[in-house]
Amino acid sequence: MSKRVAIVGIGCSGFRTTSTDLSYREMIFEAATKCYEDAGGIHPQSIDSFVASSEDFMEGISIADEYVPDQLGAVLKPVQSIAGDSLQGLASALMQIKTGQQSIVATSAFSKVSNLSHYEKVAAYATDPAYIRPLKEHPYFIAGLEMNRYLFDSCSTREQCARVVVKNRYNAFLNPRAVYGAKITLEDVICAEPVSAPLGQFDISGHLDGAIVLLLASEEKALEMTDKPIWIKGIGWATDTPNLDSRSEGLGSAHYAKLAAEKAYKMAGIKSPVKEIDFAEIDDTFSYKELQHLEALQMCGFGEAGKLLEMGCFEPGGDLPVNVSGGSLGIGYLHEANGLQRVLETALQLRGEAGKIQLTGVETGLAFAWRGIPTATGTAVVLSNRL
Amino acid sequence: MSEKLKVSGGTALSEEDIRSGKIFVTEDSLNCAYAWDTGVAINRYLAELKQGRIIATECRKCKRVMLPPRLFCELCFIPCNTWRHVKDTGTINTFSICHVHWDASRIKEGEDPHLPAVIEIDGASEGMGIMHILGEVEPEKIKIGMKVQAVWKPETERTGSINDIKYFKPL
Ligand SMILES: [Zn+2]
């Protein structure tokens, strides 16, 4: 179980608000081809196993996992689908190698949310049919409740949440994979139309189509395949109760994130996350989530994230750059593919291939994904360019 | 064993209880509408069907002529951009005689059974074909290996759909 595992190939395609020219199969094929080329031109025949993450409701095909093989080159190979965020898929791929069952495993996820006419209807169907759905609220009401309680508990401010949006959308300008880059002001965010107050229109990340494929390999194979392996040092995930009215430590907390990170840090041998992690790509589905997650992930104390943000700590040039890529607010929201998107950005930074958003001297990064409303599931991954 | 089973009390629900609202009922309708992007390959496949033709793609490596057409060969894992029209005739690979409708209701007396079949299309590689239905044939006369031909809808009624072929009939 001591086998070390690295990311040896990275590929993505799409990253557009619509992608009417390509089917999801064609979009994933493009990402897979790029990934395999990136890993030294491996033919999928040499890949042992494949893990895809998807949500049938989003795709409109039940047992969507059966539609995985062709576009990944996985016909007649071991194929597994994870109905969850793609970081849970990454965890599954990692375990297949750690147990010694496989040596090279591909993992993929995609979003074709532009094909879904009413996202909010699907999101609403994730709430309890007996005692939540009959209230007939737009599903973003959950984010409004969370935000309000988080601000109350942490003494963070509405302005600090708005500052997250300003930062991430500005960061996105320099990232070619980001489509929601914008130079906006605090006032723009605060005065935008309320959705489920205090949550406003600009506090919500916009939807995006895209596909991501990553290739993982055992230490032995990784060192043969690439001179830039990115090591998966630690991973952890946790799910809280689905009950909105009795979440552990309340709706204002992200306890799932705390537990997921604790496991990931322990596995990675990290004792002081603040000192040992150089930058983070973490969930910012909604503006307040970045602050709430930063605190839960022990990047700072509870109630401190907003103040540190104001001091510029999370800017690209700050002590702990957070979502230099633009995050979901700047890049766009890829649904179950969000997790792999965060790993993609983290891994490119660690390789030194992040282009205009490249940070200097980074060795260890944290990627964290939340599965979105109404879930309380999070997965944290620690990545490093040092063995 | 069954003799020892006792009804454990309680009150059985009736349909009337549900209808009359005597028990908790919540009604909702699932509104999941999708507008799938068919992509390059299937888009052209459907456009060609509208013209009364069947089009396939050929892999330059394994030379398979593939139906339905695809933009990449899933076995060689390379892009395919060689398009080939194939015939609208073929051979029955397998078939079934369905006595139930799609909603699981049984066909009525005198109603013809549905006849789904896989038809290997002439001009496509062996084992490559179209999943469709058979018509103008007595169910008991259908045989695996039988030659069939597409019966198309009139041009004005075609919409760019697999249903632009009404069915396949024996040659
Ligand atoms: Zn081929």
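We did not get these values from a lab; they are worked out from the coordinates using the rules stated. Quantities reported herein were computed from a predicted structural model and do not represent experimental measurements. Cβ sites come from the backbone with ideal geometry, for glycine too, and all protein chains shown count toward neighbours.
One table, with the values for the structure above:
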read-out: Leading residue at positive end of dipole, the range B:39-170 (Cβ point charges), from B:54, B:146, B:76; value: B:76
read-out: For B:15, B:120, A:295, order by how many other beta-carbon atoms lie within 10 Å, fewest first; value: B:15, B:120, A:295
read-out: C-alpha center-to-center spacing [the range A:298-352, the range A:1-58] in angstrom; value: 23
read-out: For residue B:107, residues with placed amide H under 5 Å, excluding near neighbours; value: B:100, B:101
read-out: Estimated dipole of the range A:276-387 in Debye, rounded to 20 [Cβ of Lys and Arg +1, of Asp and Glu -1, Cα centre]; value: 240
read-out: For chain A: relative contact order, % (alpha-carbon pairs under 8 angstrom, 6 or more apart); value: 24
read-out: Most positive-pole-ward Cα, A:244, A:194, A:230, against dipole of the range A:130-272 from beta carbon charges; value: A:230
read-out: MRE, 222 nm, helices only [DSSP H, n ≥ 4, -39500 (n - 2.57), over chain A, to nearest 500]; value: -10000 deg cm²/dmol
read-out: Cβ neighbours within 10 Å from other chains - mean over A:131-138; value: 1
read-out: Inter-chain Cβ neighbour average for residues A:73-84, partner chain, 10 Å; value: 1
read-out: Computed helical MRE - 222 nm, chain B, DSSP H runs ≥ 4 contributing -39500 (n - 2.57), nearest 500; value: -2500 deg cm²/dmol
read-out: Charge dipole (debye, nearest 20) of the range B:39-170; +1 at Cβ of Lys and Arg, -1 at Cβ of Asp and Glu; value: 600
read-out: Per-selection metrics, the range B:39-170 (Cα): Rg and Dmax in Å; value: 15.9, 52
read-out: Relative contact order of the range A:1-101, defined on C-alpha pairs under 8 angstrom at six or more residues apart (%); value: 32
read-out: Packing-based exposure ordering (other Cβ within 10 Å, fewest first) of A:387, A:215, A:186; value: A:387, A:186, A:215
read-out: Paramagnetic label zone (point 7 Å from Cα along Cα-to-C-beta, residue A:118; backbone N under 18 Å) in the range A:26-70; value: A:57-61
read-out: Within 10 Å of each Cβ in A:104-116, the average number of Cβ atoms from other chains; value: 1
read-out: Over the range B:39-170, relative contact order from alpha-carbon pairs under 8 Å, at least 6 apart, %; value: 25
read-out: Normalised convex hull volume, the protein assembly as shown, alpha-carbon set, Å³ per residue; value: 226
read-out: Residue-by-residue Karplus 3J(HN,Hα) for the range A:67-79, coefficients 6.51, -1.76, 1.60, Hz, glycine and proline x; value: 9, 7, x, 3, 6, 9, x, 10, 4, 6, 10, x, 10
read-out: Per-pair calculated FRET efficiency, R0 = 56 Å: residue A:248 and residue B:98 via Cβ, rounded to 0.05; value: 0.60
read-out: Least to most buried among A:304, A:55 (fewest other Cβ within 10 Å first); value: A:304, A:55
